[in-house]
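Peer 1: The following block contains the structure, expressed as structure tokens.
Nothing in this text is a laboratory measurement; each read-out follows from the coordinates by a stated rule. Only a predicted model underlies this, so the values are computations on that prediction, with no experimental measurement involved. Using ideal geometry, Cβ is built from the backbone for each residue, glycine included, and neighbour counts are taken over all protein chains shown.
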Amino acid sequence: MASDAAEISLEPHTWGFMLSTAAVVSEDLEGLFFGPAPGHVCSFRLVGGSGSSTDKATAVLSERAQELVAEQMRHGFRLLGWCNMRGPSSTASTLTPEEARLHQALKTASDALSGPDTAFAGCIIQRGPKEKDMFQQVAVAFGPCRKRIPISIRRFSARAPPAAEPVTGQLQEVMAACAADLREDLADLDNIVERVLV
């Protein structure tokens, strides 16, 4: 049985991308963590909407997710975990069925790729309710046994992550909507800053 990692650490640029994406999503999105060493994430790849990373019938990684794993492995990166960016309407206090299925699929893939004792991490980023012009996000991470582990943000190496592939299809539409929401949020932020400075 795999033991839980002591923590998961992420490169600042990877964490920044994840938080900024999670800030504007209108629906749940999920993706996979990759990195050159266990426990340290330097690449996050979006797979698609909730449930898109797994095959519902077999609870293993979907064909698209497997393609991403193979592509990242060609760059020398290993599969380190998953993350779900919950949309504003999500209120689940525990893992959703899609998240639980993805967690199991990651365990199966991790066992096959790196052995049964290899730790991996799951992560959920949830946007909090807006209160008095305040924006909040909550993130939680846990290991294979679903025990919570700390998240740390730190540089690991000068090695750059592989270049991102172009976003296409339904995900492109979602990201376009996210970009529009982000522009609106930035305009609101500009107005707030302007009021404070006047």
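Peer 1: Name the residues whose placed amide hydrogens come within less than 5 Å of the amide hydrogen of Ser152, ignoring near sequence neighbours (fewer than 5 apart) on the same chain.
Peer 2: Sorted by chain and number, the residues that satisfy this are Ile8, Ser9, Leu10.
Peer 1: When the chain is fully extended, how far beyond the present Cα-Cα distance does Thr96 get from Asp117, taking 0.36 nm per residue of separation?
Peer 2: Stretched fully, the Thr96-Asp117 segment lengthens by 5.1 nm.
Peer 1: Neighbour counts of other C-beta atoms within 10 Å: give me Phe77, Phe135, Phe142, Phe44 arranged from fewest to most.
Peer 2: In increasing order of surrounding Cβ atoms, one gets Phe135, Phe142, Phe77, Phe44.
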